[in-house]
């Protein structure tokens, strides 16, 4: 059984249709990418998966649970890194991890987590004093502190410099190696090509293509995923 | 340690690391009391105020200032900042309900308010012989209702303001009338009767506080009004609350 199964998901805000019949599945142990331009419906879809929003139509199963009705059970098993979510500036890194650890029944060892994410030297730093890359590492650490089976990472490397992006990619590969399934939301094609086993390309609230990066390049007759993306999303317009 | 205790302890640490609100909340009422007391004539009995000293009439108003600042300015700003930064949304993806964060903020602010009021009462007694409340239990009950009703109004603002900036603007809509009816701008004995009557029934309950203080009986209806504000305000805040 797939870890995530989305069938014909629909969501509108007033008259604006945000998600218009989206279907895809994610298998256990994959790094699955949701690709699309801004406003393609990626974030809304992910928010429905987390149970933060209620879908207007379609069915969602995450770890065999329905996010709309089993929200609490789901939060214990899914770790989340949200786009543009910050922490109080005067909260220390270790305090943040200890606080979030107290939310979960079987939290990870905080010292091990600090080491894995290269945050040991910043454990006593205030969140507000960290660099962009360090803040992202903290938010990944918070997503992992509950020892989740699924990690949802939204716009993970937006605003990071090239070095910090590459370091962050290595961390995501490490997360998967530890047995966690990863759902990665991004609009960076190089990121998806490097990390994802399979991707779904979103355009205007629909999935226009699903497959491995290699398959999508072949389908579009393109040499890079970037070119494939442009050609696949253009043909759908 | 339970999750709620952990959240409250962590929030308290963060709160004290930007100590302006804590210091202002604890010290401001007392500093104002000393400043008013230094004005000539404030500590002499006045016939205009029915034989009372002005300083006696001012003390309940200083309680109003302390409560209004913490409840109507500080809490909404803190919660709206968390909303603006996505902290509430982030919390909604964990097994912990974000309401825990609200209650923790409430607990911290109430503690600061009570510390400020205790210091004020002590200073007023020592410096100006303003006697301590004659009916301490009734005073405590009234104070509790006053605190909860005022904070429930602040929670409404905290529930709907999407940014710290809009929280500040919204808070003013409540802040000014609460301060006015509480006798902060004009001592209540000098107000027209109709304004005094309105002030008798709105948070934080200057009149019942004063009655409990000087030992004249507290009007049950005024306490009931405060309780109604507390219940309706909290219910409305819970209904209007949103993560973003």
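What follows is calculated from the coordinates using simple rules that are stated; it is not laboratory data. As the structure is a computational prediction, the values presented were derived from the model and not from experiment. Backbone-built Cβ (ideal geometry, glycine too); neighbour counts: all protein chains shown.
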Each label point is 7 Å from the Cα along the Cα-to-Cβ direction; what then is the distance between the points at residue A:84 and residue A:66, in nm? 3.2
Just to be sure I understand: if I project the alpha-carbon convex hull of chain B onto a plane and average over all orientations, what area do I get in nm²? 13.5
Can you tell me the length gained on complete extension of the stretch residue A:125 to residue A:178, counting 0.36 nm per residue apart and subtracting the Cα distance? 16.4 nm
With just the Cα atoms of region B:157-244, tell me how far they stretch along each of the three principal axes, in Å, largest first. 47, 26, 21
Over what distance in Å are the Cα centres of region B:122-137 and region A:204-226 separated? 77
Shielding of A:80-86 by partner chains, average beta-carbon count, 10 Å: 5
Would you calculate, for chain B, the mean residue ellipticity at 222 nm contributed by helices, counting each DSSP H stretch of 4 or more residues as -39,500 (n - 2.57) and dividing by all residues, to the nearest 500? -24000 deg cm²/dmol
Taking each residue in A:95-106, count the Cβ atoms of any other chain within 10 Å of its Cβ, then average. What number comes out? 4
Would you mind ranking B:150, A:157, A:233, A:224 so that the residue whose beta carbon has the fewest other beta carbons within 10 Å leads the list? A:224, A:233, A:157, B:150
For B:108, B:198, which order do you get if you count the other beta carbons within 10 Å of each Cβ and list the fewest first? B:198, B:108
Share of Cα-Cα pairs in region A:85-196 lying beyond 20 Å, as whole percent: 37
Rounded to the nearest 10 degrees, what's the angle between the helix B:54-68 long axis and the longest principal axis of chain B, both from Cα atoms, 0 to 90? 10
Sites residue B:97 and residue B:44, calculated FRET efficiency, Cβ-Cβ separation with R0 56 Å, nearest 0.05: 0.55
Mean Cβ neighbour count within 10 Å, used as a protection proxy, ranking B:184-196, B:9-21 highest first: B:9-21, B:184-196
On the first, second and third principal axes, largest extent first, how far apart are the outermost C-alpha atoms of chain A in Å? 51, 41, 34
By what distance, in whole Å, do the Cα atoms of region A:53-135 stretch along each of the three principal axes, largest value first? 46, 27, 19
Candidates B:85, B:73, B:207: whichever shows maximal mean-square fluctuation once chain B is modelled as a Gaussian network with Cα springs under 10 Å: B:85
Long-range Cα-Cα pairs in the protein assembly as shown (distance over 29 Å), rounded percent: 57
Within a Gaussian network of chain A (alpha carbon springs, distance under 10 Å), most fluctuating of A:109, A:20, A:154: A:109
Percent antiparallel among DSSP beta bridges confined to chain A, nearest 5, equals 50
Order by neighbour count: A:135, B:134, fewest other Cβ atoms within 10 Å first, most last. B:134, A:135
Once the piece of chain linking residue B:163 and residue B:16 is laid out straight, how much longer is it, given 0.36 nm per residue of separation minus the C-alpha distance between them? 50.8 nm
With Cα coordinates, the longest principal axis of chain A makes an angle with the long axis of helix A:225-235, in degrees rounded to 10, of 40
Based on alpha-carbon centroids, what's the gap between region A:1-45 and region B:83-119 in Å, whole number please? 33
Treating the angle as unsigned and between 0 and 90°, give the value, to the nearest 10°, between the Cα long axis of helix B:99-128 and the longest Cα principal axis of chain B. 20
Among B:60, B:203, B:98, whose mean-square fluctuation peaks in a Gaussian network model of chain B (Cα, cutoff 10 Å)? B:98
Can you give the % of DSSP beta bridges in the protein assembly as shown that are antiparallel, to the nearest 5? 50
Summing -39500 (n - 2.57) over the DSSP H runs of n ≥ 4 in chain A and dividing by its residue number, what mean residue ellipticity at 222 nm do you reach, to the nearest 500 deg cm²/dmol? -10500 deg cm²/dmol
